Amino acid sequence: CAKKAKTAKDDKNGLPLCRMLLAELEAHRDAWPFLTPVNHKAVPGYRKVIKKPMDFSTIKEKLANNQYLNLETFIIDVNLVFDNCEKFNEDDSEIGRAGHNMRRFFDKRWTELLQ
Ligand SMILES: Cn1cc(C(=O)NCCN)ccc1=O
């Protein structure tokens, strides 16, 4: 039978924790660039430069469709949002700074919740 989950990443609380973390991300004042998919028709170059677009609404949909195995696979998609942002935006820009702020917030929260 399946091995008993050893760490919080694998245990049964993984997915409710993901929903809680996502709700906190969506409520953050700097979440606005990340709430919905980047409109590649309105943002020149985006589709070419960013190979794997990701945003909070897509993550929410994937959670609802049970597409995350555990907290780890959820964290990978959240980090993709911030990595795409760093790739496409100057650090010294509104959206670039929002991405850094959101990544710092997320890293702090999931590590706190996992302790
Ligand atoms: C994350 N990100 C968002 C936008 C954007 O324009 N978002 C809509 C805000 N209303 C543009 C580039 C980018 O990397």
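Side notes on the structure shown:
- Taking all Cα-Cα distances within the stretch 75-115, those exceeding 17 Å account for 28%.
- Evaluated over the chain, the count of Lys pairs having alpha-carbon atoms less than 19 Å apart is 16 (only pairs 8 or more residues apart or interchain).
- Accessible surface, the chain, averaged per residue in Å² (probe 1.4 Å): 65
- Restricting the calculation to alpha carbons of the stretch 1-110 gives Rg and Dmax of 14.9, 52 angstrom.
- Degrees, to the nearest 10: 71-88 long Cα axis against longest axis of the chain: 10
- By accessible area, using a 1.4 Å probe on protein heavy atoms only, the chain has 56% of its surface on carbon and sulfur.
- Using R0 = 25 Å, the C-beta based FRET efficiency linking Leu15 and Arg104 works out to 0.55.
The values are calculated or read from the model by the stated rules, or taken from the named source; none is laboratory data. Note that the structure is a prediction, hence the values are computed from the model and not measured. When we count neighbours, we look across all protein chains shown, and the Cβ atoms used for this are built from the backbone with ideal geometry, even at glycine. We work out accessible area using only protein heavy atoms, side chains counted, and drop any ligands, DNA or RNA first. Shrake-Rupley method; radii C 1.70, N 1.55, O 1.52, S 1.80 Å.
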